[in-house]
Amino acid sequence: MIQSKKFWKFIYTIISLIGIGMLVYGIVLYELTLINEYLLLLGIIIFSIPLYFFIRNHYANLYDVSKYFYPFCVSITSAGFISVTIFLMLNFHFANKDIINDYDLIIREKGILGGRGRTPYAVVNIENKRKNILFPKGEIIRLNNRVYLKTIKGLFGFEVIVEKKIK
């Protein structure tokens, strides 16, 4: 029984860490995809709920903790993050290579993210949706500048940014 508990603790830990690692890559893909963030949150919840009901009793017996909160966190970090990142990866990596849209957008807001090596960003409206566009460190963004984007159609129909410039 002890070996079995150690095994399952190891499995839950590894799958959660894989999910968190994939979330980091998913954030990078989200920055390059024109998709509503609420759709991604809905996907995380939809894929997490079945796993939660499947593991909640087992997880509570394994760790002697609440059978509601911790299993739900594990299901979000594993099934939720992994499934949404796979969705973004498929949309990005199997995108059509033909340019479908050229956008010339007015910068609505600007800012800088991060600490030491700060990353500038511009906020634009694309088809009535607000999107933060990140630029390389050292890029100077002014409110009177414009952002030029080229996009391609992803596998699931969401546009993927392939080129971005400040004019």
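The values are calculated or read from the model by the stated rules, or taken from the named source; none is laboratory data. The structure presented is a predicted model; accordingly, all values stated were derived computationally and were not measured. Methodologically, a virtual Cβ is constructed for each residue, glycine included, from the backbone with ideal geometry; neighbour enumeration extends over all protein chains shown.
Tabulated results
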| quantity | calculated |
| --- | --- |
| Test for Ser4: is it farther than 23 Å from Leu155 by Cβ, surrounded by 13 or more Cβ atoms within 10 Å (Cβ to Cβ) and of a type in the set (Gly, Ala, Ser) | no |
| Pairs, first assigned by TED's automatic domain parsing to the domain that holds Phe158 and in contact (Cβ under 8 Å) with a residue 60 or more places away in the chain in the stretch 125-141, second surrounded by 11 or more Cβ atoms within 10 Å (Cβ to Cβ) and acidic (Asp, Glu), C-beta under 6 Å, six or more apart | Leu134/Glu31 |
| Test: Ile82 is surrounded by 13 or more Cβ atoms within 10 Å (Cβ to Cβ) and either outside any strand (DSSP E or B) or at pLDDT 90 or above (or both) | yes |
| Residue among Ile161, Ile76, Ile112, Ile100 that alone is in contact with a Ser or Thr (Cβ under 9 Å, 6 or more places away or on another chain) and free of Cβ contacts under 8 Å to residues at least 12 places away in the same chain | Ile112 |
| Residue count for the stretch 19-51, restricted to those that are in contact with an Asp or Glu (Cβ under 9 Å, 6 or more places away or on another chain) and assigned to a helix (DSSP H, G or I) | 1 |
| Test for Tyr59: is it under 25 Å from Ile44 (Cα atoms) and at pLDDT below 85 | yes |
| Strands (runs of 3 or more DSSP E) within the stretch 118-167 that include 1 or more residues within 17 Å of the chain's Cα centre (by Cα) and within 25 Å of Asp98 (Cα to Cα) | 129-134, 159-166 |
| Those residues of the stretch 134-156 which are out of contact with any Leu (no Cβ under 6 Å at 6 or more places or on another chain) and either modelled with pLDDT of 90 or more or among the hydroxyl-bearing types (Ser, Thr, Tyr) (or both), in sequence order | Tyr148, Leu149, Lys150, Thr151, Ile152, Lys153, Gly154, Phe156 |
| Selection status of Asn101, at pLDDT below 90, part of a helix (DSSP H, G or I) and on the phi < 0 side of the Ramachandran plot | no |
| Filter pass, Lys110 being on the phi < 0 side of the Ramachandran plot, outside any strand (DSSP E or B) and at pLDDT below 90 | no |
